[in-house]
Amino acid sequence: MKSICRDCLHTADSRLERCPACDSRRIVFHEELDRLTIAHLDCDAFYASVEKRDRPELRDLPVIVGGGKRGVVSTCCYVARLYGVHSAMPMFKALKACPDAVVIKPDFRKYVAASEAIFGAVRELTPLVQTLSLDEAWIDLAGTERLNGGPPAFQLIRLQKRIEDETGLTVSIGLATNRFLAKVASELDKPRGLSVIGSEAQALLAPKPVGILPGVGPVFRKTLQSDGFATVGDLAAADLRDLVRRYGETGLRLHDLAHGRDARAVKPEHDRKGMSAETTFNEDLTSGADLEAELWPLCEKLASKARRDGVASRVIVLKLRRTDFKIVTRRVSLPEPVQTARALFAAARDLLAPELGRPYRLIGIGMGDVQDAVETPTALFDSPEARTLKTETAIDRLRAKFGAGAVVAGRALKP
């Protein structure tokens with residue numbers, strides 16, 4: 001099978017310009033179509049699409065999902081994107097660019113329900129599903145042909161149609177030989193696209209700017225450009241030893257990615273796991289100052305572990321246990337994934353403030369929906385979080401060399 005119609009699922013062993021069964025021009029063709037097994041599924045403008053589905057009167061209007069005027073854009077529809085609005089943009093800038101936009105406060109209960117419906121359908125095809133967030137995941141369909149009645153490309157087109165029919169939402173899918181290429185492919189034809197990358201990967205990547213590589217944000221991109229690596233092709237042509245000398249282990253990864261190689265497996269056991277740190281007090285604490293003093297070292301501990309594990313999260317969870325042993329949990333979703341103590345503490349302190357006024361016997365901080373830090377949005381690498389990350393990473397190295405007491409934050413000093 002080299003061609004498949006996305007409307008009626010007609011297949012052919014040759015290239016088709018138009019489907020002989022339904023006359024559709026929505027044909028997917030690739031010489032290796034029946035041999036590729038790794039996919040990346042990405043919901044199209046997910047939060048905004050859920051809102052438009054539930055409020056049809058918004059269908060043709062620019063919609064922004066996010067906070068108030070002092071907040072940021074969580075996501076926006078494709079109409080709003082025509083005005084230059086994008087995720088993580090400050091709300092005042094978004095409204096300046098698109099003053100007629102309809103701004104909607106996020107409703108995560110709806111988004112979680114929609115996500116569960118979508119990925120419930122995905123998991124009927126294979127258990128090898130690794131979600132990055134509520135709206136995207138990698139899928140490994142190797143060995144499922146007989147079970148699901150066709151090669152992965154056939155299954156994915158059928159899945160795409162099912163999701164649209166059952167949820168009213170659209171998804172874009174990339175199919176390739178590995179996780180990196182599948183994610184690149186899923187961005188090639190949004191929204192409602194299905195794109196394929198096979199053995200032509202290196203030639204396709206060569207003219208692309210280095211910023212397309214995961215982990216290469218604006219700051220690192222400028223470093224690479226100043227070193228003479230403006231395109232992926234420049235990295236592919238570079239001597240491996242030179243890249244490793246310049247960038248260490250990152251150089252080795254850049255070399256592999258530039259050649260279209262990515263050995264990471266789809267790991268469902270990493271699927272939306274959380275991590276946390278907590279402490280129980282010797283005596284119950286009531287004041288905000290005392291509780292924050294216990295919270296800060298937990299944030300440092302959790303952030304350090306996140307950096308060691310190479311993960312980040314946008315979902316921050318505060319846990320409190322009252323004197324009657326009742327557990328109180330509060331959570332917030334940030335615009336971008338974080339992995340620094342400062343960001344964790346700032347979010348947790350905001351969650352803690354409304355709960356003050358009664359004694360507690362335990363406090364904890366957690367990160368939900370953790371994801372590979374290398375896959376976090378590139379905006380992260382040119383932000384206050386990125387600058388703080390540099391500082392805290394340097395502190396990690398000093399503490400590893402000279403001990404935990406080598407660097408102590410002022411906030412951690414007690415009278």
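Using modelled backbone amide H atoms (1.01 Å from N, in-plane), which distant-in-sequence or interchain residues come within less than 5 Å of Gly67's amide H?
Placed amide hydrogens put Val72, Ser74 under 5 Å from Gly67.
Need one number: % antiparallel among DSSP beta bridges in the chain, to the nearest 5.
Details: 50 of 56 bridges.
Of all bridge pairs located within the chain, approximately 90 percent are antiparallel.
Tell me, what HN-Hα J-couplings in whole Hz come from the Karplus equation 6.51 cos²θ - 1.76 cosθ + 1.60 at θ = phi - 60° for each residue of the range 135-142, using x for Gly and Pro?
Working through the residues one at a time gives 10, 8, 6, 9, 9, 10, 9, 4 Hz.
With every protein chain present, what is the per residue accessible area of the range 150-301 (1.4 Å probe, Å²)? Please list the in-between numbers first.
Details: 6930 Å² over 152 residues.
Value for the range 150-301: 46 Å² per residue.
Just order 127-133, 51-57 by mean Cβ neighbour count inside 10 Å, highest at the front, would you?
Numbers: 127-133: 19.3, 51-57: 14.7.
Ranked by mean Cβ neighbours within 10 Å, highest first: 127-133, 51-57.
Determine the calculated [θ] at 222 nm for the chain from helices alone, applying -39500 (n - 2.57) to every DSSP H run no shorter than 4 residues and normalising by the residue count; nearest 500 deg cm²/dmol.
Working: 15 runs with 155 residues, N = 415.
Result for the chain: -11000 deg cm²/dmol, rounded to the nearest 500.
Using modelled backbone amide H atoms (1.01 Å from N, in-plane), which distant-in-sequence or interchain residues come within less than 5 Å of Thr37's amide H?
Those lying under 5 Å, H to H, from Thr37 are Ala176.
If you plug each phi of the range 321-336 into the Karplus form 6.51 cos²θ - 1.76 cosθ + 1.60 with θ = phi - 60°, what whole-Hz ³J(HN,Hα) values come out, in order, with x for Gly and Pro?
Computed from phi, the couplings for the range 321-336 are 10, 6, 5, 8, 6, 6, 9, 10, 10, 10, 9, 9, 9, 8, x, 9 Hz.
How high is the relative contact order of the range 218-298? Use alpha-carbon pairs under 8 Å, at least six apart in sequence, and give a whole percent. If you can, show how the numbers build up before the last one.
Details: 29 pairs, mean separation 13.9, N = 81.
Averaging sequence separation for qualifying contacts and normalising by length gives 17 percent for the range 218-298.
Can you tell me the order of 238-246, 144-152, 307-315, 359-367 when each peptide is scored by its average per-residue count of other Cβ atoms within 10 angstrom, highest first? Working shown, then result.
Numbers: 238-246: 13.7, 144-152: 15.6, 307-315: 19.7, 359-367: 21.2.
Those peptides, ordered most packed to least, come out 359-367, 307-315, 144-152, 238-246.
Taking 8 Å as the Cα distance limit and 6 or more residues as the minimum spacing, I'd like the relative contact order of the chain as a percentage. It would help to have the intermediate numbers written out before the result.
Values: 774 pairs, mean separation 55.6, N = 415.
After rounding, I find 13 percent.
List the cysteines of the chain that have no other Cys Cβ closer than 4.7 Å: which are they?
That list is Cys43, Cys76, Cys77, Cys98, Cys299.
Whole-Hz ³J(HN,Hα) for each residue in the range 10-26, computed from phi via Karplus 6.51 cos²θ - 1.76 cosθ + 1.60 with θ = phi - 60°, x for glycine and proline: what do you get?
Computed from phi, the couplings for the range 10-26 are 5, 10, 8, 8, 9, 6, 10, 8, 9, 5, x, 8, 10, 6, 6, 9, 7 Hz.
Over the chain, what percent of the accessible surface lies on carbon and sulfur atoms, probe 1.4 Å? Intermediate values should be presented prior to the final figure.
On the way: 10410 of 20150 Å².
About 52 percent, which is the carbon plus sulfur part of the accessible surface.
Dipole of the range 1-143 (Lys/Arg Cβ +1, Asp/Glu Cβ -1, origin at the Cα centre): which of Ala12, Cys76, Pro90 lies farthest to the positive side?
Pro90
Take peptides 292-305, 21-34 and line them up by average Cβ neighbours within 10 Å, highest first, as a rough protection proxy.
On the way: 292-305: 20.2, 21-34: 15.6.
Listed from highest to lowest mean packing, they are 292-305, 21-34.
Which entries of Lys52/Lys110; Lys305/Lys326; Lys183/Lys267 have Cα-Cα distances beyond 19 Å here? Don't jump to the answer; show the numbers that get you there.
Values: Lys52/Lys110 12 Å; Lys305/Lys326 28 Å; Lys183/Lys267 15 Å.
As for pairs spanning more than 19 Å Cα to Cα, those are Lys305/Lys326.
Report, for the range 1-110, the % of DSSP beta bridges that are antiparallel, rounded to 5.
Numbers: 9 of 12 bridges.
Rounded to the nearest five, the antiparallel share is 75 percent.
Using modelled amide H (1.01 Å from N, peptide plane; none on Pro or chain starts), what sits under 5 Å from the amide H of Leu362, excluding residues fewer than 5 places away?
Close amide H contacts, sequence-distant or interchain: Phe281, Arg321.
The values are calculated or read from the model by the stated rules, or taken from the named source; none is laboratory data. Values in this document were obtained by computation on a predicted structure and should not be read as measured data. Note that each Cβ is placed from the backbone with ideal geometry, even for glycine, and that neighbours are counted across all protein chains shown. Note: areas computed on protein heavy atoms with side chains; ligands, DNA, RNA excluded. Shrake-Rupley method; radii C 1.70, N 1.55, O 1.52, S 1.80 Å.
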